[in-house]
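As structure tokens, the structure follows; a few thoughts come after it.
Nothing in this text is a laboratory measurement; each read-out follows from the coordinates by a stated rule. These numbers come from a predicted model, not from an experiment. When we count neighbours, we look across all protein chains shown, and the Cβ atoms used for this are built from the backbone with ideal geometry, even at glycine.
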Amino acid sequence: MASTVLITGANRGVGLALARLYREAGWRVIGVCRSSGEETAELHQVAERVIEGIDVTRPEDVARLAVELEGQRLALLINNAGLLKDERLGELDFDSIREQMEINAYAPLRVTEALLDNLDEGCKVANITSRMGSIADNDSGGRYGYRASKAALNAFGKSLAMDLKPRGIAVVQLHPGYVQTRMVNFGGLISPEEAAAGIAERIEALTLATTGTFWHSNGEPLPW
């Protein structure tokens, strides 16, 4: 029987590339996204199942997701949905910072907790984070909401790794690289397909011995 992967934010960018990659590798793909209609047309061609209209920041939507997935066993959960906005000191937008915390940090934790009953021993959880969440790596400042939200996600991921290890579930934090997606106005250095391939390699290499670690998709370990 094919293994099943669930990917949030799966209708475009890295999420869609991951859906394609795992489908081609013989996995059963469940794509979750907030969008519907034309914005999910390509995902419907790739994923075996698409669950639309799920805003991962809304408790009621995540609860509905859990109900729709009742009894569904997952081998892999990829928390990919994210948001990047810019803030500068002197003109900080705290609503923007709050929104990024909700999407980038709280949502992956909310989804993972809601789907705990779908995860068995041997499963893996991959949180798509950013090296901009690394405090040690911050030598340029700015991006207050994005940096803080990804740092929070890294902290959540580390705690999840410790709490889920006794259940035989490994957790990893993965920076995809500077990817050519809408998030950065398609100005990145690598394609979504290249990022997805690297992410999949890191997930494949993940074990309980390396749970709770933070990696670049290219294989470089990243500092907290």
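If packing is taken as the average number of other Cβ atoms within 10 Å across a peptide's residues, how do 136-148, 102-114 rank, most packed first? Walk me through the numbers before you get to the answer.
Values: 136-148: 15.4, 102-114: 21.1.
Packing proxy ranking, top to bottom: 102-114, 136-148.
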Quiz item: Straight-line reach from LYS124: which aspartates and glutamates have Cα under 16 Å away, leaving out those fewer than 8 places along the same chain?
Solution: GLU113, ASP163, GLU201, GLU204
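Which whole-number percent of Cα pairs in the chain have a distance greater than 22 Å? Don't skip to the end; give the middle numbers.
Working: 11800 of 24976 pairs.
Value for the chain (Cα pairs over 22 Å): 47 percent.
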Quiz item: Which residues' amide hydrogens lie under 5 Å from the amide hydrogen of THR213, considering only partners 5 or more residues apart or on another chain, with H built in the peptide plane?
Solution: GLN173
Quiz item: Between SER159 and GLU204, what length in nm is gained on full extension when 0.36 nm per residue of separation is reduced by their alpha carbon distance?
Solution: 14.1 nm
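Please arrange TRP224, TRP215 by counting, for each residue, the other beta carbons lying within 10 Å of its beta carbon, fewest first. Let's see the in-between values first.
On the way: TRP224 14, TRP215 24.
By the 10 Å Cβ count, ascending, the order reads TRP224, TRP215.
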Self-check item: Burial ranking of peptide ranges 74-85, 188-199 (average Cβ count within 10 Å, highest at the top)
Solution: 74-85, 188-199
Practice problem: Please turn the phi angles of segment 69-77 into ³J(HN,Hα) values with the Karplus equation 6.51 cos²θ - 1.76 cosθ + 1.60 (θ = phi - 60°), one per residue in order, whole Hz, x for glycine and proline. | Solution: 9, 4, x, 7, 8, 10, 8, 8, 10
Quiz item: Where nothing but the Cβ of Lys and Arg (+1) and of Asp and Glu (-1) is charged, how large is the charge dipole of segment 4-216 around its Cα centre, in debye to the nearest 20?
Solution: 400
Self-check item: Amide H within-cut-off set for THR4, under 5 Å, with H built and near neighbours excluded
Solution: ARG28, ALA75, LEU76
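In percent, how large is the relative contact order of the chain, given Cα pairs closer than 8 Å and 6 or more residues apart? Please report the intermediate quantities before stating the final value.
Working: 466 pairs, mean separation 42.1, N = 224.
Over the chain, the number comes to 19 percent.
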